[in-house]
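What follows is a set of notes on a single structure, which appears directly below.
The values are calculated or read from the model by the stated rules, or taken from the named source; none is laboratory data. Since this is a predicted model, take the numbers as computed values, not measurements. Here the Cβ positions follow ideal geometry from the backbone for every residue, glycine too, while neighbour counts run over all protein chains shown.
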Amino acid sequence: MLVLLPESGLKSLMLTKSLMTLLVIKTANRRGILYEITGIIKDYASIEWIFVSIPSEIERIIAMRLSDSLPINALNKLRSIDGIHDIWASHEAPMELVGFDKEILTSILMRMMQSNGEVNAFLMKLGYEMGLSMASIMMRTKYEIPANSTMDKVLETAINMLVIMNLAKGVENINPNPDENGNLVSMSLVEPFDLDAGLPFTRGYLLGVAKVLLRRDCSLDAIINKTRVNIYIRGK
């Protein structure tokens with residue numbers, strides 16, 4: 001079940017938990033690569049769960065929760081695997097956020113029809129706070145954001161967390177370069193879970209991420225074409 005805690009309660013809960021690591025790896029979609037990755041990790045930590053998403057024919061996203069931290073030499077071994085595109089790992093990551101249950105969020109959406117928009121506003125706020133938290137932790141963690149990572153890579157990983165959390169089937173065509181229309185970021189989402197309700201949670205999450213990583217308040221436009229949504233984020 002989903003339990004919402006005040007910020008102070010969430011912090012105290014996280015501090016009492018044993019050390020864990022959230023590991024997110026973007027890899028080539030090739031046979032045997034998951035076996036190679038887990039073979040290295042099992043020498044250092046137990047794997048509590050694995051989530052694999054295949055956003056394209058050539059790429060997959062692997063997310064794992066580990067029982068302990070990974071030393072730098074383990075991360076270097078992972079990077080040496082043929083087909084590893086990017087790695088993000090943190091023992092500060094908010095595990096509760098990654099563990100959000102899509103079915104519970106969907107049930108909240110169903111109630112929205114009878115609540116005069118109050119639940120819609122709640123979900124947008126929840127998504128916003130979640131985006132703020134995820135992006136802030138990714139920026140401040142000293143555990144593992146490679147020194148040569150660009151802001152674009154961090155932004156792309158934060159957006160792809162929607163796929164990892166099973167809140168969208170895929171994210172495609174992320175473009176963080178300003179265009180002639182003033183859009184700072186554009187992307188396509190495939191089957192976001194709150195599509196039929198107007199994307200309140202997804203909008204909030206993306207605006208929270210943009211607030212931290214673009215360092216400004218933003219607005220968001222969404223163009224829906226059946227199960228695909230084109231998203232455009234611009235500064236206010």
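Would you check if there is a residue in the stretch 160-176 being out of contact with any Ser or Thr (no Cβ under 9 Å at 6 or more places or on another chain) and surrounded by fewer than 17 Cβ atoms within 10 Å (Cβ to Cβ)? Show your work before the answer.
Going through the stretch 160-176, the residues out of contact with any Ser or Thr (no Cβ under 9 Å at 6 or more places or on another chain) turn out to be 161, 165.
With the extra rule that they be surrounded by fewer than 17 Cβ atoms within 10 Å (Cβ to Cβ), the set shrinks to none.
For the stretch 160-176, residues out of contact with any Ser or Thr (no Cβ under 9 Å at 6 or more places or on another chain) and surrounded by fewer than 17 Cβ atoms within 10 Å (Cβ to Cβ): absent.
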Report task. Of the conditions (1) under 20 Å from the mean Cα position of the chain (by Cα); (2) farther than 24 Å from M138 by Cα; (3) not charged (D, E, K, R), V209 clears all except one; give me its number. Result -> (2)
Requested in this report: State which residue is modelled with the lowest pLDDT when the search covers only the stretch 17-56 and only residues that are assigned to a loop (DSSP other than H, G, I, E, B), under 20 Å from D68 (Cβ atoms) and among the aliphatic types (A, V, I, L, M).
Outcome: L19
Query - Residue satisfying all of: in the stretch 57-74; touching a Leu at 6+ places or on another chain (Cβ under 9 Å) and either among the aromatic types (F, W, Y) or not in a loop (DSSP other than H, G, I, E, B) (or both); farthest from A45 (Cα to Cα) among these - result: R60
Query raised in the report: Can you name the residue in the stretch 29-53 that is charged (D, E, K, R) and surrounded by fewer than 16 Cβ atoms within 10 Å (Cβ to Cβ) and is also farthest from L167 (Cα to Cα) among such residues?
Result: D43
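Could you list all residues from the stretch 220-236 that are part of a strand (DSSP E or B) and either touching a helix residue (DSSP H, G or I) at 6+ places or on another chain (Cβ under 8 Å) or surrounded by 14 or more Cβ atoms within 10 Å (Cβ to Cβ) (or both)?
Let us first name the residues in the stretch 220-236 that are part of a strand (DSSP E or B), namely 220-225, 228-235.
If the condition is that a residue be part of a strand (DSSP E or B) and either touching a helix residue (DSSP H, G or I) at 6+ places or on another chain (Cβ under 8 Å) or surrounded by 14 or more Cβ atoms within 10 Å (Cβ to Cβ) (or both), then L220, A222, I224, R228, V229, N230, I231, Y232, I233, R234, G235 are the ones that fit.
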Query raised in the report: Do we have K226 as under 19 Å from M124 (Cα atoms), of a type outside the set (D, E) and free of Cβ contacts under 8 Å to residues at least 40 places away in the same chain here?
Result: no
